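Below you'll find the structure, written out as structure tokens, and then a few comments.
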């Protein structure tokens, strides 16, 4: 297809209203138009979505976008439709069955289809996609392949099979944080070893990095209240505990009545989570106390402060979450709060993600006793209950047995003579994964204690240098909150009589 840069710019202006490209966008798009697979690493907030949304309207076929979160795909489709782009849709578990069937029946009406990796294991959906000309296959937030694929969401590791079923369309994998090690893993798991790498520095020169140490957890909340009272700006506060998330939101709301403060975590109803995200996006909520379930793909440009009440499990997660601040280029701050033994929570989460050797052996025995049978949901639930496995641990075991050919097409092919031979290999792999996760946590802990420039230490695994800070660098380079002067949105509080309130409600006012 002979498409020039001018053609691409005209399409960009027509659909998206942009006059020119941001760094990296043009280079990635041109390679995709040539039919080349691309691994693109661009900083958070620099317009990664345009790298596939624009080609979707230039290419003749359909673009499939693999998205990790329902809220993310809904928000992106909503934004596209607000721009007048109608031939986009999503398929997810929030849709009622009839709506989902209707969309799948009419897939040929769309140019861009968002879905989860799990949905791509649905036989009916994949057969309908096979009837179309899928010209571009996008893995958005591609670091999830490496970060989540081995335990939490093993369907990420099955994407290479999906690509084969779709007769190998052009592939774009996008992320904001991927070390050379993770980049290699993404390419291997997608079975695309020849992907062209388009890697750009991921540090954000407008975000100040700072770490504060405390004796007790409550000291952290007192400090947060002090900062928000002084700087009433849009903020995100990350917690590793749902209980702490709710407790902090309640206490901060009680102390800071002028701000709207809510909590968000994976234990809430999907509809409630989506509603809170939309409120935050529309400036109806000022502060969100959240777990890592919130934030991926949040396209809100005026977040000024990102606080980690609990430390994340690795540097990659921290960079992703801190990068949600200051997308408009204004001075913003990332603060990590640390108390002794804070690492106990991520260590517990790491150990809880993987089964132990006894559970793997017992699962193998139970499967071998049911040789030849299909794996039905009731059987999976019985195994998990009997062996005290959570969803993540069972997902890990099931995928490992699939890799060794002991489960095939959801049917047990494991004989009693087989399982003893493979269990030691799975144990070795599990040990390796555990050590990798602990190493990544240690990198984060080392960053907290560093005495040199934090920016230099944070990005050294990702790039050779870093950009000159626009405002301030970090606390190790002299930053204090006394030097921060963020734009503060003043709220106008209207006082009404009850008659005026009724008129406002029923739109009868002048």
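List of remarks:
- Evaluated at q = 0.24, 0.25, 0.27 Å⁻¹: base-10 log I(q)/I(0), Debye formula over Cα of the range 79-162: -1.32, -1.36, -1.43
- Once Rg and the Kirkwood radius are both taken over the C-alpha atoms of the range 1-144, their ratio Rg/Rh works out to 0.95.
- Spatial separation of Cα centroids for the range 413-437 and the range 137-172, in angstrom: 23 Å
- Between residue 349 and residue 408, the distance separating the two model label sites (each 7 Å from Cα on the Cα→Cβ line) works out to 3.9 nm.
- A simple spin-label model places pseudo-atoms 7 Å from Cα toward Cβ; at residue 36 and residue 184 they are separated by 2.2 nm.
- Each helix, a run of at least 4 DSSP H residues, gives -39500 (n - 2.57); summed and divided by the residues of the chain, these come to -13500 deg cm²/dmol at 222 nm.
- Quarter of Cα convex hull surface for the range 209-346, i.e. mean projection, nm²: 7.7 nm²
- Ranked 294, 125, criterion: other C-beta atoms within 10 Å, fewest first: 125, 294
- At R0 = 60 Å, FRET efficiency that the Cβ-Cβ distance of residue 358 and residue 4 yields, to 0.05: 0.45
- Normalised by 2.2 N^0.38 Å, where N counts its residues, the alpha-carbon radius of gyration of the chain equals 1.03.
- For the peptides 241-249, 435-443, 100-108, residues were scored by their other Cβ atoms within 10 Å and the scores averaged per peptide; the highest-first order is 241-249, 435-443, 100-108.
- Stretchable slack from residue 282 to residue 456, in nm (0.36 nm times residue separation minus alpha-carbon distance): 59.2 nm
- When peptides 455-468, 307-320 are ranked by their average number of other Cβ atoms within 10 Å per residue, the highest-first order is 307-320, 455-468.
- Taking every Cα-Cα distance in the range 220-292 and sorting them into 10 Å bins from zero, the calculated P(r) comes out as 21, 57, 21, 1 percent.
- Peptides 445-452, 10-17, 57-64 ranked from most to least packed give 57-64, 10-17, 445-452, packing being the mean of other C-beta atoms within 10 angstrom over each peptide's residues.
- Using alpha carbons only, the radius of gyration of the range 271-401 set against its Kirkwood radius gives Rg/Rh = 1.13.
- Rh (Kirkwood; distinct C-alpha pairs) - the range 118-211, Å: 14.7 Å
- Percent of C-alpha pairs per 5 Å bin, the range 354-469, short to long: 2, 11, 17, 18, 12, 7, 7, 7, 7, 7, 4, 1, 0
- Put a dot 7 Å past the Cα of residue 272, heading toward its Cβ, do the same for residue 118, and the two dots end up 1.9 nm apart.
- Relative exposure of 327, 204, judged by other C-beta atoms within 10 Å (fewest first): 327, 204
- Extension gain (nm, one decimal) between residue 126 and residue 415, 0.36 nm per residue minus Cα-Cα: 101.0 nm
- Here the gap between residue 96 and residue 231, fully extended at 0.36 nm per residue and compared with their Cα-Cα distance, gives a gain of 44.4 nm.
Throughout, read-outs are computed from the coordinates displayed, never taken from laboratory work. Note that the structure is a prediction, hence the values are computed from the model and not measured. Positions of Cβ are generated from backbone atoms using ideal geometry, with glycine treated the same way; all protein chains shown enter the neighbour counts.
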